[in-house]
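What follows is one structure encoded as structure tokens, with my remarks underneath.
The values are calculated or read from the model by the stated rules, or taken from the named source; none is laboratory data. Since we're looking at a predicted model, the values are computed, not measured. So basically every Cβ, Gly included, is an ideal-geometry build from the backbone, and we count neighbours across all protein chains shown. The protein model used for the area step is the full one, side chains on, heavy atoms only, and it has no ligands, DNA or RNA in it. Shrake-Rupley method; radii C 1.70, N 1.55, O 1.52, S 1.80 Å.
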Amino acid sequence: MTERYDCIVVGAGPAGAAAAFTLAKAGLDVVVFERGEYPGAKNMFGGILYSTVLNRLMPGFWADAPVERHVVKRRYSFVSNDSEAAFDIRLDAFNRPPFNNSFTTLRARFDRWFAAKAEEAGALVVTGAVVDDLIIKDGAVAGVRVRMEGGEVFADVVIIAEGANSLLAEKAGLKPKPDSANMSLGVKEIISLPKGVIDDRFGLEDAEGAAVEFFGEALGPGVPGGGFIYTNQESLSVGIACPISALKEKGIKPNGLIDGFKRHPAVSRLIRGGATEEYLAHIIPEGGYNAMPELVTGGALLAGDCAGFVNPSLYKEGSNLAMASGVMAAETVMEAKSRGDFSKKTLEGYVKRLEESFVLKDLRRYKDAPDVLRSTTGLFKDYPEAVMEMLTRHFTISEESKADAHKELKRILKGRVSLLRLAGDVLRLRKFVR
Ligand SMILES: Cc1cc2nc3c(=O)[nH]c(=O)nc-3n(C[C@H](O)[C@H](O)[C@H](O)COP(=O)(O)OP(=O)(O)OC[C@H]3O[C@@H](n4cnc5c(N)ncnc54)[C@H](O)[C@@H]3O)c2cc1C
């Protein structure tokens, strides 16, 4: 291994692999250090890869990449403790390339493939290599210390794409310690089922996929967060995400939460007969724009989850923001190289690029989403209960006159939540679902 590179990338997740691919294609000398035994070995996400950026890097990538299914069907399911009201969307346009840039994916396979593409482009990917420290010289990042023999490696610039658990960036003082109010814990099981059963149960054919999101009391009464089921070819990704602060406050164990979610009737009938193959857990930085760290320093840039680039609104995107930021970090490095200047001032071009892209435009737009969600406690108990009681009443066949039934609906709503509180919550929520 040469000891000096144009660029070092820490982490071979979507952000790091996108950065390395872009740099290597442009002919720069780039090395990626990945702590996993192979890229993706320790990685997890819910399961929908958003691929606009990837499709720009490798048009038609799905023909080659290990994606599971393209998502044609979305279901938003609002649940109380035992009932469900759901909204289904199935759009045929999503059945044609580029398949709405939404593919269910298993990270252990996808990350390995993406890193191999960066290698084919000319990057060196070193696995089983934990980066322990940044090397600082004259006040700027000059390289990294890797946990291996001869572990000091130098470069003009380092792209830190180590994910949400950003020990390296924290240790170097580039990021404060995470505030548990801004982090969620995601827990997921991969549950195997035969393809035919999945197709029948979710109304799918061939490579079509479905994504079901659960809101309301999915995690138990008053527990904030949500659940999901995404269809793979021969398995389901079944999981939940809940703010870590709520877990602490309520003294809840995450495995108890996913067990409860799987027992909910709206969930149990979709996973019935399946066998749990894998259990995975990971943190999600959900603080959004207001929790973003400094994105550059002399000789280094932060990309992906390490920079907090996860859309905390209902869109729940992270993979595309990670890849977009990886590409923009690489483009900034290329510009800095052409100027021979890797100072913080030159690398600030990265922030400008991000500001002009959907990454920071979206994060800024939804900057209040984390606070709104945290403070709208009715979303996770009072409202689901009120909605279900009203729906039950509305759809119950009886000999009561419709006028009396409608009066009763108003009485139920008023009895459950004050109209003033409801109006306030609707106004606040409107800002982050639009
Ligand atoms: C439960 C859950 C559900 C999610 N669902 C979705 C979804 O459905 N769709 C979506 O788009 N996004 C989703 N996300 C978010 C998405 O996973 C992330 O935004 C995305 O993976 C970020 O990519 P990244 O490359 O920045 O970080 P990561 O994917 O975390 O990759 C970081 C890499 O760095 C490596 N690394 C870390 N430290 C070191 C070190 N010191 N030395 C060497 N290597 C190191 C890690 O092993 C890893 O390979 C979800 C996240 C979670 C946790």
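It is to be established whether one or more residues within segment 359-374 are over 30 Å from GLY220 (Cβ atoms) and among the small types (Gly, Ala, Ser). No, segment 359-374 has no match at all. For segment 40-53, the count of residues that are near the ligand (Cβ under 9 Å from one of its atoms), more than 23 Å from GLY239 (Cβ to Cβ) and open to solvent by 10 Å² or more (accessible area, probe 1.4 Å) is zero. Here is the figure for segment 1-32: residues that are of a type in the set (Asp, Glu) and under 18 Å from ARG147 (Cα atoms) total 1.
Considering only residues that are aromatic (Phe, Trp, Tyr), farther than 14 Å from ALA207 by Cβ and assigned by TED's automatic domain parsing to the domain that holds ALA123, which ones fall in segment 30-76? Within segment 30-76, PHE33, TYR38, PHE45, TYR50, PHE61 meet the criteria. Of all residues in segment 146-167, exactly one satisfies the criterion of being open to solvent by 50 Å² or more (accessible area, probe 1.4 Å), more than 10 Å from the ligand (Cβ to nearest atom) and at pLDDT 95 or above, namely GLU152.
Results for (1) within 16 Å of the ligand (Cβ to nearest atom); (2) among the charged types (D, E, K, R); (3) open to solvent by 10 Å² or more (accessible area, probe 1.4 Å); (4) out of contact with any His (no Cβ under 9 Å at 6 or more places or on another chain), shown as yes or no for each residue.
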position	(1), (2), (3), (4)
PRO176	no, no, yes, yes
GLU208	no, yes, yes, no
THR231	yes, no, no, yes
VAL238	yes, no, no, yes
ALA241	yes, no, yes, yes
ARG272	no, yes, yes, yes
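If the condition is being within 16 Å of the chain's Cα centre (by Cα) and closer than 28 Å to SER343 by Cα, then segment 292-316 contributes MET292, ALA303, GLY304, ASP305, CYS306, ALA307, GLY308, PHE309, VAL310. Would segment 11-29 turn up any residue that is in the same structural domain as PHE342 (by TED's automatic domain parsing), out of contact with any Cys (no Cβ under 8 Å at 6 or more places or on another chain), more than 25 Å from PHE103 (Cβ to Cβ) and touching a residue at least 24 places away in the same chain (Cβ under 8 Å)? Yes; the residues of segment 11-29 include at least one that is in the same structural domain as PHE342 (by TED's automatic domain parsing), out of contact with any Cys (no Cβ under 8 Å at 6 or more places or on another chain), more than 25 Å from PHE103 (Cβ to Cβ) and touching a residue at least 24 places away in the same chain (Cβ under 8 Å).
Name every residue in segment 101-135 that is within 10 Å of the ligand (Cβ to nearest atom), on the phi > 0 side of the Ramachandran plot and buried (at least 16 other Cβ atoms within 10 Å of the Cβ), in order of residue number. None; the set is empty. Filter segment 280-327 for residues that are away from the ligand (no atom under 12 Å from the Cβ) and within 25 Å of LEU257 (Cα to Cα) and give the result. If the condition is that a residue be away from the ligand (no atom under 12 Å from the Cβ) and within 25 Å of LEU257 (Cα to Cα), then GLY287, GLY288, SER313, LEU314 are the ones that fit.
So is ILE258 in a strand (DSSP E or B) and in contact with a strand residue (DSSP E or B) (Cβ under 7 Å, 6 or more places away or on another chain) or not? Answer is no for this residue.
Here's the yes/no breakdown for (1) in contact (Cβ under 8 Å) with a residue 60 or more places away in the chain; (2) farther than 21 Å from CYS242 by Cβ; (3) in the same structural domain as GLY220 (by TED's automatic domain parsing):
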position	(1), (2), (3)
GLY378	no, no, no
PRO384	yes, no, no
LEU391	yes, yes, no
HIS394	no, yes, no
SER398	no, yes, no
LEU409	no, yes, no
GLY415	no, yes, no
GLY424	no, yes, no
LEU427	no, yes, no
